[in-house]
Amino acid sequence: MTEECDAINYRLLSKSLIEALPLPVLIVDRTLIIREHNQRSHFLSPQTAHLQGQSLNAFPHDFAMASLVEKSIASGNIQKGHFEKQGSDLAWEVTVAPLSSQAIGEEAPVSTISTLPDTNPEYFAIIIEDLTETHRLERMQRDFLANISHELRTPLTSVRLLAETLEDVIDTNPDRAQEFVEKIETEVQYLSELVSELLELSRLESRQTIMTIEPVEAQRLVREVMARMLPLAQRHRVSLGTEIGQGTTLVAVESKHITRVLVNLVHNAIKFTPSFGNVFIGTITQADQYTQRFFVRDTGVGISAEDLPRVFERFYKTDRARSKAGFIGPGGGGTGLGLAIALHVIESHGGSIWAESSPGNGSTFSFTLPVSTPNP
């Protein structure tokens, strides 16, 4: 009786240890039958209630785990493999480790996860490390370095060429020289804005930005941005209007940052809306009465389904050539950081931001903010 209790306790302890591991773990025998597993391993087959007793070959995946286990069976040594699923960012680092030959069964304690030498191991632990997020962060870092290099190199090259040309005409053609000076000033201003926005984004991401949250009237925010952006819209022959819900709602915000988000969204809307198009900026209380939605809607060129999920990424531009020319909007590609900054600002306020669009049908950018005092 005591031996049976010890076996049960040992099995429970071993199971607890497997569950405590922060990675998916499977224990299989030499025939590739799963004898034990932890909850984190259920992603292999979400539709299967119990993995225990199933064959490793039964699961539809593109990774050669079974082959790796077979190599470990043949050699009796630890085997490691790196597997990536074609057509996706999914990547795994898989380790197969032979265990001690202690039997695993309904009436016997589970084998300990041990890599002690064993001439004929009966059981093998499969440990899976998901590298998908690591690879995604590495890709973002590579993209960031490539983009920042491009964004700095282009204006610096322009400044150098303009300066060389200016040197040739400064004495012979003062009017032409003044034109080059103005172009140099434009490029230097772009570089200054780029550096400023990079610093701001860095502070937001590291939560170093100090925000003074206070109740502000949502409707007033919209009207102030409308008044500020109206001259720009008129200059480029785009109609700018408001859609404001009835009543007065206070939102808990740092007004300077939220105003900048709205200005950026309206500026983008004007930039990608052809002459005689329409841009609307509005706000309305959500049905739950605890959040306020702000939106900027345009009748512009729209965004493709491929580009839409990435518009809030740093430096991501849906169409660099189109943003420079082709429309009577303000023109200029911008730094590519405005929407990334907007995302961090809204999320730091406890809200969310998203975009809806399709090519040729305009775009709507919306975000929510918490209401300071819920409406009665």
Within the accessible area of the stretch 162-203 (1.4 Å probe), percent carbon and sulfur: 49
Separation of the residue 212 and residue 15 label points, Cα + 7 Å toward Cβ, nm: 5.9
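Mind checking the per residue accessible area of the stretch 183-310 for me, 1.4 Å probe, whole number of Å²? Provide the component values of the computation, followed by the final result.
Details: 6700 Å² over 128 residues.
Heavy-atom accessible area per residue stands at 52 Å².
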With every protein chain in place, the stretch 217-295: carbon and sulfur % of accessible area (1.4 Å): 52
Two-site label geometry, residue 132 and residue 237: point separation in nm, points 7 Å out along Cα→Cβ: 4.9
Accessible-area ranking of 317, 271, largest first, probe 1.4 Å: 317, 271
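The values are calculated or read from the model by the stated rules, or taken from the named source; none is laboratory data. Note that the coordinates shown come from a computational prediction; the quantities given were computed from them, not determined experimentally. All Cβ positions, even for glycine, are placed from backbone atoms using ideal geometry, and neighbour counts span all protein chains on display. What goes into the accessible areas is simple: the full protein's heavy atoms, side chains included, and nothing from ligands, DNA or RNA. Shrake-Rupley method; radii C 1.70, N 1.55, O 1.52, S 1.80 Å.
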